[in-house]
Each structure stands twice: as structure tokens, then as C-alpha cells.
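This report refers to the structure that appears directly beneath it.
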Amino acid sequence: MALKVLVVDDDFINRKLIQTLLKKNPKVTEIIEAENGSDALDKMKKDPSINLILLDIMMPVVDGIEFLKIFRSDMNNAQVPVIVLSTDDTRKTEVYDNGANDFLRKPVMQDNLYQKIDQWTD
């Protein structure tokens, strides 16, 4: 399976860390980066073949929750899994309520990330 993953995080270093983990995963063939929810929505419009979104919550412009609300309001996006990455466990319910498929605590461990990728993209 060839996976195209969109990594949405306002922190450049976080994006690079996730990218490093993803590059080691044989399933992942392409990684696209976005630095906030607005940027991510644009990239999804331009490339509907994206299979998976890794989403930070705390971002400027359009945050993760706002992104989820807008993204999930379009039925065409229903099949794209969104895994939220956050240091804040208290936001779990909120992200699930807004259409996230899963939640991973930062710092993200490679094994946990791969397990979630397998779970949502098989």
C-alpha cells in the first residue's frame, strides 16, 4: 500500500521529527507538510489523494479543532483518517467529538505511530 500522509503542525521541528519517523515506514510513499489548519485545507483541496492526516491541535490561524470541523463538514473527506498529535490529553474528548479518528500523545514514539498507521490504513 502506498500512503500519502499530510503532516499538520506549526512547529518546524515537530514536522521534521514526524517526517523522519514516516520516512522509515515502508508504507509511506509521500509526505506533505502544512503549518496550520488553513494551509492543510488548501493542500487537501489540491490533492484529494492524501490518505492520512497527522494533526497538531495548537496552531495559529486555523487550529486543529477548527480544521476538523471544516474538514469533516465535507462528506468527501469522510474516509480520510485523522490522527491528532498533542501533548494535551485533556483535549481527547474534544478532538473525538469533532471527527478525529485517533489520538497520539507527543512526543510521538515510532512504534505507536506505526501501529496507528496500520490500524487506520489497512
Under 7 Å by Cβ, and 6 or more places apart or on different chains, what pairs join a residue from region 103-119 that is surrounded by fewer than 14 Cβ atoms within 10 Å (Cβ to Cβ) with one that is part of a helix (DSSP H, G or I) and at pLDDT 95 or above? GLN110/LEU21
Name every residue in region 17-31 that is open to solvent by less than 30 Å² (accessible area, probe 1.4 Å) and either closer than 23 Å to GLY99 by Cα or outside any loop (DSSP other than H, G, I, E, B) (or both), in order of residue number. ILE18, GLN19, LEU21, LEU22, VAL28
ASN76 is checked against (1) modelled with pLDDT of 95 or more; (2) over 12 Å from the mean Cα position of the chain (by Cα); (3) assigned to a helix (DSSP H, G or I) and fails just one. What number does that condition carry? (1)
With the requirement that a residue be in contact (Cβ under 8 Å) with a residue 40 or more places away in the chain and open to solvent by 40 Å² or more (accessible area, probe 1.4 Å), what does region 32-63 give you? SER49, ASN51, MET58, PRO60
Filtered residue count, region 32-51, keeping only those that are of a type outside the set (D, E, K, R) and not in a helix (DSSP H, G or I): 7
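The values are calculated or read from the model by the stated rules, or taken from the named source; none is laboratory data. Predicted, not measured: the structure shown is a model, and the values here were computed from it. Note that we place each Cβ from the backbone using ideal geometry, even for glycine, and neighbour counts take in every protein chain shown. Side chains included, ligands, DNA and RNA excluded: accessible areas come from the protein's heavy atoms. Shrake-Rupley method; radii C 1.70, N 1.55, O 1.52, S 1.80 Å.
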